[in-house]
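Written out below as structure tokens is the structure these notes cover.
Coordinate-derived values only; no laboratory data. Quick caveat: nothing in here was measured; it's all calculated off a predicted structure. Don't worry about glycine lacking a Cβ; one is built from the backbone with ideal geometry, like all the others, and counts go over all protein chains shown.
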Amino acid sequence: MNMSETVGCDKVNTRGRMRRYLQTLSWLLLVVAIGLGVHFTIQFITKGGSAHSGESPALPKILELENSSPEQARKARAGMRKYDAICRLCHHRDGHGGRFTPSLAGKSAIGVETMLNLYRDGQKVGPMTELMAPWAKELSDEEIRNLGIYIELLD
């Protein structure tokens, strides 16, 4: 191999390395852009944007409970806060779910508690088990009860 062939090989190798570098950089930028988009969408929804924004549709019922059963109202408010923090994104503010998530509105407190306990215990409940189990594992018994009380108030 003479000197001119060596220089030609170096140029080809340099171009190849540069192309791979630019492809890697492009993919990295795409992943970062998607991640930021998802992050800000979630922030928008959980901080009062869509999925459906506004106050909880169960709030009037909670206010009624405060007169008749303050302890039950306290638990419902705690359930509402937890729902807003972790459930609302998929099941929406009104509990009617979305395109791929089931409606929770109108479910009994016992039914909600039973499902969350099954998810938390790692039992296969249905097609959403893989999605729900990690969320349920983070919930205490009290949080599960409070969520059940709150969800039962959704229409």
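As an exercise, use a Förster radius of 35 Å and the Cβ-Cβ distance of Leu25 and Glu130 to find the FRET efficiency, rounded to the nearest 0.05.
Details: r = 33 Å, r/R0 = 0.95.
My answer for the efficiency is 0.60.
In whole Å, how far is the Cα centre of the range 91-155 from that of the range 12-28?
Taking the Cα centre of the range 12-28 as reference, the centre of the range 91-155 is 47 Å away.
Short version: ³J(HN,Hα) in whole Hz for each residue of the range 24-31, in order, from phi by Karplus 6.51 cos²θ - 1.76 cosθ + 1.60 (θ = phi - 60°), x for Gly and Pro, what are they?
4, 4, 4, 5, 4, 5, 5, 4
Which cross-chain or sequence-distant (5 or more) residues have an amide H under 5 Å from the amide H of Ala58, H modelled 1.01 Å from N in plane?
The list, which skips near neighbours in sequence, is empty: none.
Rounded to the nearest 0.05, what FRET efficiency do Asn13 and Ile34 have when you use their Cβ-Cβ distance and R0 = 30 Å?
On the way: r = 32 Å, r/R0 = 1.07.
After rounding to 0.05, the efficiency reads 0.40.
For the residues Arg81, Arg93, what sequence is obtained by ranking on other C-beta atoms within 10 Å, fewest first? Mind dumping the intermediate values first?
Working: Arg81 15, Arg93 21.
The fewest-first ordering by Cβ neighbours comes to Arg81, Arg93.
For the range 83-155, what percent of Cα pairs sit more than 16 Å apart? Let's see the in-between values first.
Numbers: 1128 of 2628 pairs.
In whole percent, the share of Cα-Cα pairs in the range 83-155 beyond 16 Å is 43.
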